[in-house]
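Visitor: I'd like to ask some things about the structure below.
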Amino acid sequence: MKPRLAKAPDWLTARPIAHRGLHDFSRGIVENSLGAARAAFASNYAMECDLRLSRDGKVFVFHDDMLDRLCGESGFFGGFDSAELAAKFLRGSGEAIPSLAQLLDVARGAAPLILELKSDFSGDVALAAAVAAEVRDYAGPVAIKSFDPALIAALRGMQAPWPLGIVAQAEYAEAEWAGLTASQCFALSRFTHASETQPDFLSWRAADLPNPTCEFARGCAGRPVMTWTIRSPEAAGRVRAHADQIVFEGFLA
């Protein structure tokens, strides 16, 4: 695979990125909801959101692998069909779990969408193919990212026309990563997948900045770095020298 030298589009870092939309639970605006999307667009923010597949292969906007926290009921998200998921409400909002198609219809190119593909690192790339099919005819600015190099490599292999990025952090020792093998952790932390993923941008954990990989990406490869999750103006100020844009929540950036 030949190296890609194309510059990431300026819109990717032009507007602060609302983490899972501009949500505020106290006002009944729940993360990754259409209400959070509308609030972000109304305030001229880009929106980052999370995508998962239903059991029957439809793309939905939802972060967790379980329904408990956001819907108040038990169950594995991927164990439900699309019709079942579309009938489940986000706790405290009065809104149902939105599909990607619904989000695109609300967005209508109003602001950039940063779509994060969730993964269990099993090697299944069906979500990448499904998202590519959904956004193929969408006219607005879209970027796609994932922690899982396999999903980004699959999109790269499809010659996806959108900016593709890797979400990353310096180490993967926390309990949430316990299912990864030692070789997977090595590849993620050392970025050995770069020849296959060829990321157009990085999305890096703020606590790990400054970071040599990010410094190389910005200074030598010309790849922008967005950083997450920024929860105060003070935190935004601390990362300003090390990142090109923030993914924020809990305040107005």
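Visitor: Mind listing the phi-derived Karplus ³J(HN,Hα) values for region 128-138, rounded to whole Hz, using 6.51, -1.76 and 1.60 with θ = phi - 60°, and x for any glycine or proline?
Guide: 4, 5, 5, 5, 4, 5, 5, 9, 3, 9, 7
Visitor: Let me know the Rg and Dmax you get for the chain when you use only its Cα atoms, in Å.
Guide: 17.2, 49
Visitor: Separate question: Using θ = phi - 60° and the Karplus curve 6.51 cos²θ - 1.76 cosθ + 1.60, what whole-Hz ³J(HN,Hα) does each residue of region 104-113 get, with Gly and Pro shown as x?
Guide: Result, ordered by residue: 4, 5, 6, 5, 6, x, 4, 7, x, 10 Hz.
Visitor: On a C-alpha basis, how far is the centre of region 19-59 from the centre of region 79-152 in Å? Whole number, if you could?
Guide: Result: 10 Å between the Cα centres.
Visitor: May I ask you to compute the full-extension gain from Asp81 to Phe251, defined as 0.36 nm times their residue separation minus their alpha-carbon distance, rounded to one decimal in nm?
Guide: That works out to 57.7 nm of additional length.
Visitor: Counting each DSSP H run of 4 or more residues in the chain as -39500 (n - 2.57), what helix-only mean residue ellipticity at 222 nm follows after dividing by all residues, to the nearest 500 deg cm²/dmol?
Guide: So the calculated ellipticity at 222 nm is -7500 deg cm²/dmol.
Visitor: Taking every pair of alpha-carbon atoms in region 168-235, what share in percent sits in each 5 Å bin, from 0 to the bin with the longest distance?
Guide: Reading the bins upward from 0: 3, 15, 24, 24, 18, 10, 4, 1.
Visitor: Just for region 11-248, what percent of DSSP beta bridges are antiparallel, to the closest 5?
Guide: For region 11-248, the DSSP antiparallel bridge percentage is about 20.
Visitor: Compute the distance in nm between two label points, each set 7 Å from the Cα along the Cα-to-Cβ direction, one at Ser122 and one at Phe89.
Guide: Computed distance between label sites Ser122 and Phe89 equals 3.1 nm.
Visitor: Report, in debye and to the nearest 20, how large the dipole of region 1-141 comes out about its Cα centre when Lys and Arg carry +1 and Asp and Glu carry -1 on their Cβ.
Guide: Using Cβ point charges on Lys, Arg, Asp and Glu, region 1-141 gives about 520 debye.
Visitor: Could I ask something else about it? What's the magnitude of the charge dipole for region 11-248 around its Cα centre, counting Lys and Arg as +1 and Asp and Glu as -1 at the beta-carbon? Answer in Debye, nearest 20.
Guide: For region 11-248, the charge dipole is close to 660 debye.
Visitor: So what's the convex hull volume per residue for the Cα atoms of region 64-128, in Å³?
Guide: 117 Å³
Visitor: What is the P(r) of region 79-175, as percent of Cα-Cα pairs per 5 Å bin from 0?
Guide: It works out to 2, 11, 20, 20, 19, 17, 9, 3, 0, in whole percents.
Visitor: Once the Cβ-Cβ distance between Ala221 and Cys185 is put in as r, and R0 is 25 Å, what FRET efficiency do you end up with, to the nearest 0.05?
Guide: 0.60
Visitor: With the contact rule set at Cα under 8 Å and sequence spacing of 6 or more, what percent relative contact order holds for the chain?
Guide: 18 percent
Visitor: Going by C-beta contacts inside 10 Å, put Cys220, Cys214 in order with the fewest on the left.
Guide: Cys220, Cys214
Visitor: If you average the alpha carbon positions of region 153-212 and of region 222-240, how far apart do those two centres end up, in angstrom?
Guide: 18 Å
Coordinate-derived values only; no laboratory data. Nothing here was measured: the structure is a model prediction, and the numbers come from that model. Heads up, the Cβs are rebuilt from the backbone with ideal geometry, glycines too, and the neighbour counts pull from every protein chain shown.
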